[in-house]
Structure formats: structure tokens, C-alpha cells
Amino acid sequence: MSSSLIKAFWPDSSSLIQGIVRFRWIALIFMMLGTVPLLKAGYLLKEQLFYFMAVIALLAVFNGLTQGIWSKPKASREQSLLFVQLLVDLLAVAGLLFVSGSAANPYIYVLTLHAFLGGMLLRRRSVLFAVLILVMLAILQFETNRDAAVTVNIDRRALYFDFLFQWVVVMGAWFVAHLFSGLLEKQEERIRSLQNRQHRADRLKSLGALAAGFSHEMATPLNSLKLRLDRGVRKLGDPVAAHTEIQQAQLSLDECISIFQKMAGVFMTSADGELQKLNLNTVLKDIVRSWEIDNKITLNKVLVEKDFFCRLQPLSFAQMILDLLDNAKEASAGVAEITLKLHQNDQEVIIEVIDQGAGLAPEVIERLGEPFNTNKQQGNGLGVYSAMMTAQSMGGEFSLSNSASGKGATARLTIPYEELG
């Protein structure tokens, strides 16, 4: 059996809907295997076999449609689709039980599993689903009681005890699942709250490091500027010497302006720009094509030909990719090959820019992400910090590391993508 055929009947359970698809295929197999024992035990009559198999076939068709259309629903629709999925299963099972012994069928406790799933997975409609299960159970018990009324040698007290036990088991399963679901939801809220606090703390820590680095970086050019201006004032009697000092002061001033502009760019990237749902593949190809034309370099591109719709800040994203390509060009000395990769990992898309340069120094790796951390003579160390801020603003991550081959470095950007629709 080919891998594609296996995947068709056993999808990756990356969502609750896909998990239910898996569970339903297993349940359908066991229902078909249980047909013969039910016939031999007398719970299922031969004249009802066609109806029994028709329900199983319809359920299999519904499972296939679910897998093809609703396997990865939007978060806002997931609860509604879960309710529909569980309701269809409940009605199908109730219909099968109705023609095969009703509440006397030993498979009646399958309703317990439905109660547990409803209590665990459904957040808003859990109580409604529990009521529907009890209604189905009551109908099945009523049918069994009516059959018992015309059957001799039936201990009605034992039958009613069985009915009561069925109610207790079904309600107990739902209650336990609903209780644990509520506890898990509260725990998730607590985790999200802690994550938000940690994120704020990290931002404050980052801003503190940025301020400290800014003070350190600005101290040198400002002191140089003051020194040059003082010397220029003292040498006003010598026009040539004064002109030289003023030129040096101008260079120091330009360096200060450059640092201010870079910092402004970082804050604009992290705080400004509305996220737009764009086709990442198309946007990336346009950016790369423009860079290749401007730099007269052809990249080694390894791109997955698939539409990935991501929430992006177009300008900051484009600037980040251009900066990464410029850095790779500088590291590769314009001679070695630069590789651009685009591939998929579950619900994330990964962009990698790989150069063939000397790689990153150990001291730079230890402080990676800190502002003004660089081993470039003409760099200010804000590039990686800016890339990380941009990635976080789009819900992704950015990392920079030495390549596994031992030559060059790899810049890696991970962004979540959404299904079209």
C-alpha cells in the first residue's frame, strides 16, 4: 500500500478534527467486524443488515468528506465543526443501536465514549451535547422496555437496574471529562498569562540592553565629536588644520546619525506596520528578483512551489530579507555561492539564507540577539536584533547559527502560515 493511500485513511492528527477522523476510521472497522457477532447473538436481524451496513457506508463517506474539506478548520470554526462531527457520530451510533437491540445491546456503552469526548472537546456546547446523549439513551431504553413488555421471562427489575447503571456511567463519563476540560482550560489561561508576563519581561530586558548598548556605542563618537570640535576651535588660526578637524568631527556626527536612524528603524519595525495576509512565496520571489537584479548575483534557490499565506508586515519583511541577503553577500565576499531555501514544517514555513563565509565568532553566538553585538568593523550590531523583533511581530522566530557543514552561517526565519480561505 502506497504512503499516499495510507495517509488518505490515516491523516496527520495536527488538529482535533483530524484526530476524530482517525478515531472514526477505527470505529468503522470495529463496527464492521462486530456485524457477525451481533448476527449470531440475535441482536441484529438479517433483514436489518442492509440498513446497518448503509449507515456504516454513509458514515465512511462523511468521514472522507471531513478529511478532504474540514480537516484543518479555522480556529473560530473549530468548536462548531467539532459539535457537528460528534453529533453525526452520536446519531449514527444511536441509529445502529436502535436496529440491533437498543439498550440491551452490549455496545450501548459506546455512548459513554461519546459523552467523554463531548465533555472533553466541546467548550461552549458541552451541556447541550450531554442532553442530546441522554435523549438518545432514553429513546433506546424506551424501545428496549417496549420489547420487554411482550417478551416472557424478563426480569423487569434487573432491566431497570441496567437502565439506571447506563445513565450513571454515561453521565459520570461526561462529568469527569467536563471537569478535566475546565481545569485544562484554566491551566491554559494561566500559561498564556505567564507567557505574556515573560514576554513583557523579555522586552523590558531587551530594552535595557538596548539602552546600555546605545549609551556605550554613542559614547565614542560623541566624545570624538567634542574632542574634534575643541581642537578645531583652538586651530582656527590654521585654516588647513581646522578644516581637517572639522571633517573628522563631521564623520563622528554622521556615525551618531547612523546609529539613531538604525535604532529608529528597529522601533518602527517592531511597533508600526499592519499585518497583512499575503502569499509568502510570491512576496519572497519578488524581493529576491529585485535583489538579484540590483546586485547582479544569481542565488541558489531551493523553494517549495506552494502557496503559503502568512500574516506579514510587507515593508519590514522585505527590508529584513534584503538585509539578510546583503549580509550573506558581504560574508561570502561576493564570490562564494549564496543559498536561499523555503520549505514547510507542519503549520510553519521556514526561510533560510546560507552563506559560505567565515561563520560567526563564539563570543557573538554567546550574546546573539543582544543589540550592538557584532564582529564587523563597520557594523553596529542591530541587524539581528531588528530581525528578531520583526519575526516576533509576525508571530515567528529568527535565529542565526553557523552552518552544520562547518563553513558559513545560516539565517533562519520561521513564520506560521494559514490555510487559504
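Which of the residues belonging to the stretch 275-308 are within 17 Å of Thr414 (Cβ to Cβ) and assigned to a loop (DSSP other than H, G, I, E, B)? Across the stretch 275-308, the qualifying residues are Leu275, Val304, Lys306, Phe308. Note on the stretch 46-66: among residues that are of a type outside the set (D, E, K, R) and without any contact (Cβ under 8 Å) to a residue 12 or more places away in the chain, the one that is farthest from Phe116 (Cα to Cα) is Phe50. What are the residues in the stretch 384-421 that are touching a Phe, Trp or Tyr at 6+ places or on another chain (Cβ under 8 Å), among the aliphatic types (A, V, I, L, M) and assigned to a loop (DSSP other than H, G, I, E, B), if any? Those that are touching a Phe, Trp or Tyr at 6+ places or on another chain (Cβ under 8 Å), among the aliphatic types (A, V, I, L, M) and assigned to a loop (DSSP other than H, G, I, E, B): Met394, Leu420. Could you tell me whether the stretch 18-28 includes any residue that is farther than 25 Å from Arg125 by Cα, surrounded by 12 or more Cβ atoms within 10 Å (Cβ to Cβ) and modelled with pLDDT of 80 or more? Looking through the stretch 18-28, at least one residue is farther than 25 Å from Arg125 by Cα, surrounded by 12 or more Cβ atoms within 10 Å (Cβ to Cβ) and modelled with pLDDT of 80 or more.
State whether one or more residues within the stretch 371-383 are at pLDDT below 80, among the hydroxyl-bearing types (Ser, Thr, Tyr), over 21 Å from Lys277 (Cα atoms) and in a loop (DSSP other than H, G, I, E, B). For the stretch 371-383, residues at pLDDT below 80, among the hydroxyl-bearing types (Ser, Thr, Tyr), over 21 Å from Lys277 (Cα atoms) and in a loop (DSSP other than H, G, I, E, B): present.
Being closer than 27 Å to Arg24 by Cβ, at pLDDT below 90 and not hydrophobic (A, V, I, L, M, F, W, C) is a description that applies to Arg124. The condition (being under 19 Å from Ser405 (Cα atoms), surrounded by 13 or more Cβ atoms within 10 Å (Cβ to Cβ) and out of contact with any Pro (no Cβ under 9 Å at 6 or more places or on another chain)) is satisfied by just one residue among Leu340, Leu303, Leu322: Leu340.
Select from the stretch 97-146 the residues that are farther than 18 Å from Ile17 by Cβ and outside any helix (DSSP H, G or I) and list them in ascending order. Listed by number, the residues that qualify are Val99, Ser100, Gly101, Asn105. Just a yes or no: is a residue in the stretch 67-77 assigned to a helix (DSSP H, G or I) and in contact (Cβ under 8 Å) with a residue 60 or more places away in the chain? The answer is no, given that none of the residues of the stretch 67-77 is assigned to a helix (DSSP H, G or I) and in contact (Cβ under 8 Å) with a residue 60 or more places away in the chain.
Scanning the stretch 43-72 for residues that are surrounded by fewer than 12 Cβ atoms within 10 Å (Cβ to Cβ) and either modelled with pLDDT under 80 or of a type in the set (D, E, K, R) (or both) yields Lys46, Glu47, Gly68, Ile69.
The values are calculated or read from the model by the stated rules, or taken from the named source; none is laboratory data. Since the model is a prediction, treat every value here as computed from it, not as a measurement. Here the Cβ is made from the backbone with ideal geometry for all residues, glycine too, and neighbour counts use every protein chain on show.
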